[in-house]
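A.B. asks: The structure that follows is given in the form of structure tokens.
The values are calculated or read from the model by the stated rules, or taken from the named source; none is laboratory data. Since we're looking at a predicted model, the values are computed, not measured. Counting neighbours? That spans all protein chains shown, and the Cβs are built from the backbone with ideal geometry, glycine included.
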Amino acid sequence: GDYNINLLKESTKKERLMNTIKSYGLVPIFSEASRAGKRTSSSIDNVFTNITNNCLNSKTIEPFLPNHKGQTLWIEEE
């Protein structure tokens, strides 16, 4: 979904989103900013999964679009 809630900033909206996501046994993969401006940065793009971290490789890559970073995720078979 497209939730547009900044996961880097504490807020009631973030808390409600994270409580809902966690109630389904999911966790966010990316912890760094996905958008970066001159004065602010935010993490409004993410992937949520129930796959354990030892099977995942994730990376935030430099912009394809102005102020917007790309994200890659590889899932390895166990």
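A.B. asks: Residue check, LYS9 against (1) modelled with pLDDT of 90 or more; (2) in a loop (DSSP other than H, G, I, E, B); (3) loosely packed, with under 12 Cβ neighbours inside 10 Å, all met but one. Which one?
C.D. replies: Of (1) modelled with pLDDT of 90 or more; (2) in a loop (DSSP other than H, G, I, E, B); (3) loosely packed, with under 12 Cβ neighbours inside 10 Å, only one is false for LYS9: (3).
A.B. asks: Let me ask you something else. Being charged (D, E, K, R) and within 11 Å of the chain's Cα centre (by Cα) narrows it down to one residue among ASP2, ASP45; which is it? If you could, list the steps in order and put the result at the bottom.
C.D. replies: Values: ASP2 fails: within 11 Å of the chain's Cα centre (by Cα).
The conditions single out ASP45.
A.B. asks: Could you please find all residues in segment 37-78 being under 24 Å from TYR24 (Cβ atoms), free of Cβ contacts under 8 Å to residues at least 24 places away in the same chain and assigned to a strand (DSSP E or B)?
C.D. replies: Matches in segment 37-78: THR49, ASN57, THR72, TRP74.
A.B. asks: For segment 23-36, which positions are in a loop (DSSP other than H, G, I, E, B) and either surrounded by 15 or more Cβ atoms within 10 Å (Cβ to Cβ) or touching a helix residue (DSSP H, G or I) at 6+ places or on another chain (Cβ under 7 Å) (or both)? Don't jump to the end; show me each part of the working.
C.D. replies: Of all residues in segment 23-36, those in a loop (DSSP other than H, G, I, E, B) come to 24-26, 29-34.
Selection gives LEU26, ILE29, PHE30, ALA33, SER34.
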